[in-house]
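Chemist: Below you will find the structure I want to go over with you.
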Amino acid sequence: MSYRIAIIPGDGIGQEVIPATTRAMEALPVDFTFVEVPAGDEHAAETGEPLPQETVDVVMEADATLFGAAGETAADVILPLREAVDSFANVRPATAYPGVDAVQPDTNLVFIRENTEGVYTGLEQDVTGDASTLTRVITDRATRRVAEYAYEYASEGEYRSVTIAHKANVMRKTDGRFLRVAREVAETYPEIETADVLMDALAMHLIMRPTDYEVILTPNLAGDMLSDLAAGLVGGLGLLPSANIGPDRAVFEPVHGSAPDIAGECIANPAASMLSAAMLLDYLDESAAATTLESAVLDVLAEGVRTPDLGGDTTTSEMTTAVIERID
Ligand code: ATP
């Protein structure tokens, strides 16, 4: 079986970590056809289009997509891309790996973030010369879909608990709805413990006692922010992978952005992108290859091979070679 994978390196370090990742994927005993397509700032500067239709077409025909990062045009690239694949759930694991300096070395969390609405629907306007508004959308349908995904994920992954993050005491209509619908779904999974917590308190608890949490179900913006906070707990953005899951398509991407501050220096940590590829392999039911790739990355980190974000001086390419040596 040969898998057709859409590859979108995009901008900044996306141009470094995605080729590093496809190099590592090529070392696996799985047959891939990579179809590289453009998106992002550079393509927009050349053509006026941050996300060309050709790219969307390739994504729609692919078995899965691996995306790097987009810079200034991020909202014009990743949001329509997520919309195209109808990715209703954004999965962001945050795990502290052996050998990596982490603020909280026992952290092992998975954020399941609603990925289609909340404050990311683009419903913003200037109402007067000196005031702007933003409409926050929460629907039963989107909440139910992501909550069902979170509980299925917890159930299949043998997690004991799901925590619903919200601010329903203030955003009574929108987060009130999110909490109510998520609790309805929770009732159908009595074997999984359910807790709910105010998202601002959760930010503090995550720093002090991350081991109290396993799967965390969040509205869109809260998931974006809290997963970056969790990245800080486990060693930084260079380590966090993610998946955008739709009903029959999915896009995998490192949580980090284009990191313009280090782009072009060949020092970006490719771990987040490689771990995203491991999630992609799991999605394709290539679990043995997923484990091989993930273990290779973790072994290399545990051996002390570190890019500068983790306190070392290994280059992107040297780390990639080390990962490939572990696969072979
Ligand atoms: P963008 O606007 O594209 O999101 P950004 O710089 O605001 O870019 P990130 O790209 O997520 O946000 O980077 C935040 C910080 O984390 C930067 O200092 C960056 O250098 C660092 N960083 C992110 N990803 C990596 C990585 N893979 N390797 C090393 N450092 C990284």
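The values are calculated or read from the model by the stated rules, or taken from the named source; none is laboratory data. Note that the structure is predicted; figures quoted are calculated from it, not measured. Because the Cβ atoms are built from the backbone with ideal geometry, glycine has one as well, and the counts that use them run over all protein chains shown.
Chemist: Looking for whichever is more than 30 Å from V56 (Cα to Cα), surrounded by fewer than 16 Cβ atoms within 10 Å (Cβ to Cβ) and at pLDDT 95 or above here; the options are D196, D212. Which one fits?
Modeler: Every option except D212 fails the conditions.
Chemist: To continue, here is another question. Of everything in the range 213-239 that's hydrophobic (A, V, I, L, M, F, W, C) and closer than 15 Å to G257 by Cα, which residue is nearest to the ligand (Cβ to nearest atom)?
Modeler: Filtering the range 213-239 for residues that are hydrophobic (A, V, I, L, M, F, W, C) and closer than 15 Å to G257 by Cα, the one nearest to the ligand (Cβ to nearest atom) comes out as L237.
Chemist: Regarding the range 161-172, can at least one residue be identified that is part of a helix (DSSP H, G or I), at negative phi and without any contact (Cβ under 8 Å) to a residue 24 or more places away in the chain?
Modeler: no
Chemist: Condition first: in a helix (DSSP H, G or I) and within 14 Å of the ligand (Cβ to nearest atom). Can you find one or more residues in the range 79-92 that meet it?
Modeler: yes
Chemist: T292: within 13 Å of the ligand (Cβ to nearest atom), more than 13 Å from the chain's Cα centre (by Cα) and β-branched (V, I, T), yes or no?
Modeler: So T292 does not fit the description; no.
Chemist: Quickly run through the range 259-305 and pick out the residues that are under 18 Å from T321 (Cα atoms), in a loop (DSSP other than H, G, I, E, B) and touching a residue at least 24 places away in the same chain (Cβ under 8 Å).
Modeler: C266, I267, A268, N269, P270, E303, G304
Chemist: I'd like to verify a number: residues in the range 120-147 that are surrounded by 14 or more Cβ atoms within 10 Å (Cβ to Cβ), at pLDDT 95 or above and in a loop (DSSP other than H, G, I, E, B), how many?
Modeler: Final tally of qualifying residues: 3.
Chemist: State whether the residues of the range 53-62 include one that is within 16 Å of the ligand (Cβ to nearest atom) and either out of contact with any strand residue (DSSP E or B) (no Cβ under 6 Å at 6 or more places or on another chain) or closer than 29 Å to I216 by Cα (or both).
Modeler: no
Chemist: Can you pull out every residue in the range 42-70 that is surrounded by fewer than 21 Cβ atoms within 10 Å (Cβ to Cβ), in a helix (DSSP H, G or I) and free of Cβ contacts under 8 Å to residues at least 60 places away in the same chain?
Modeler: E42, A45, E46, T47, Q53, E54, V56, D57, V58, E61
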